[in-house]
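Reading through the structure tokens given below for one structure.
The values are calculated or read from the model by the stated rules, or taken from the named source; none is laboratory data. Note that the structure is a prediction, hence the values are computed from the model and not measured. As a convention, Cβ positions derive from the backbone with ideal geometry for all residues, glycine included, and neighbour counts pool all protein chains shown. When the accessible area is computed, the model is the full protein with side chains, heavy atoms only, and any ligands, DNA or RNA have been set aside. Shrake-Rupley method; radii C 1.70, N 1.55, O 1.52, S 1.80 Å.
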Amino acid sequence: MRILRDIIVPILIAIVITAIFHTLIASFKVYGSSMYPTILPGEYIMVSRVSYFFDQPQRGDVIVFHSPRDPQTDLIKRVIAIPGDTVEIKNGEVFVNDMALAEPYVSEAPKYDYRPQEIINEQYFVLGDNRNNSSDSHGGWTVPEVNIVGKAWLTYWPPKQVKAIKHVTQNTNLQTSTLSTNELFSLDLLCPTM
């Protein structure tokens, strides 16, 4: 009886806690430079799987999703347009609903054009922050809502790069953008020297 209490019960509790953790949070390694300068190649990130249980992805969210072209591959991109939006790229600017986006996070302006497209229900138009070096929705595909794994939350490796991932609230009605980090905690309080 003592073995059951001292060994098996703690092991079962650890398994349950691990299962709950993996249900709520996922971990990914970033390959490639499509999200430069926001996220660098080789960084490890945590993704909140529960972010979209009660809410929908918003313009400016950085998300991880299963590629619509290869479901075995996970990608990370920024949501640019949501269902019902019309997106267009011309003259080095991204337009959503005929309003140019303020994009302080991109490495450089896009050197390509994309004809106006209305985003249908349960689909999302995504772009990498490294606009000219990213395989993304400007290639003619959108992300089905069911493919979304979650909202990128935190870069945790390498240790010198620990930071909350910045999301941008895009208000196409006011032509403004606001950089924000995850509201769960402030890294300035936890890691003031990083």
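Being over 14 Å from Asp74 (Cα atoms), part of a strand (DSSP E or B) and touching a residue at least 40 places away in the same chain (Cβ under 8 Å) holds for only one residue in Val168, Val126, and it is Val168. Scan segment 145-168 for residues that are touching a Phe, Trp or Tyr at 6+ places or on another chain (Cβ under 8 Å) and over 20 Å from Tyr31 (Cα atoms) and report the count. Looking only at that region, the number is 2. Would it be correct to say that Glu88 is touching a strand residue (DSSP E or B) at 6+ places or on another chain (Cβ under 7 Å), among the acidic types (Asp, Glu) and modelled with pLDDT of 95 or more? Answer is yes for this residue. It is to be established whether one or more residues within segment 71-82 are part of a strand (DSSP E or B), of a type in the set (D, E, K, R) and open to solvent by less than 50 Å² (accessible area, probe 1.4 Å). Yes, segment 71-82 has at least one match.
Here Gly84 clears all of (1) touching a Pro at 6+ places or on another chain (Cβ under 8 Å); (2) in contact (Cβ under 8 Å) with a residue 24 or more places away in the chain; (3) not basic (Lys, Arg) except the condition numbered (1). Can you tell me which residue in segment 145-159 is surrounded by the most Cβ atoms within 10 Å (Cβ to Cβ), limited to those that are closer than 16 Å to His66 by Cα and either without any contact (Cβ under 8 Å) to a residue 12 or more places away in the chain or touching a strand residue (DSSP E or B) at 6+ places or on another chain (Cβ under 6 Å) (or both)? The selected residue is Ala152. Has segment 55-64 got any residue that is among the β-branched types (Val, Ile, Thr) and without any contact (Cβ under 8 Å) to a residue 24 or more places away in the chain? Checked against the condition, which is being among the β-branched types (Val, Ile, Thr) and without any contact (Cβ under 8 Å) to a residue 24 or more places away in the chain, segment 55-64 yields no hits at all.
Among the residues of segment 1-41, what is the count of those that are touching a residue at least 12 places away in the same chain (Cβ under 8 Å) and in contact with a Lys or Arg (Cβ under 9 Å, 6 or more places away or on another chain)? The total comes to 7. The number of residues in segment 160-169 that are open to solvent by 20 Å² or more (accessible area, probe 1.4 Å) and touching a strand residue (DSSP E or B) at 6+ places or on another chain (Cβ under 6 Å) comes to 5.
Against the numbered list (1) in a helix (DSSP H, G or I); (2) loosely packed, with under 10 Cβ neighbours inside 10 Å, Pro10 comes up short only at (2). Whenever a residue of segment 93-109 is free of Cβ contacts under 8 Å to residues at least 12 places away in the same chain and closer than 20 Å to Ile119 by Cα, it has no partner that is part of a loop (DSSP other than H, G, I, E, B) and among the hydrophobic types (A, V, I, L, M, F, W, C) lying with C-beta atoms less than 6 angstrom away and at least six residues away or across chains. For the residues Leu127, Leu101, the requirement of being hydrophobic (A, V, I, L, M, F, W, C), open to solvent by less than 60 Å² (accessible area, probe 1.4 Å) and over 19 Å from Pro41 (Cα atoms) singles out Leu101.
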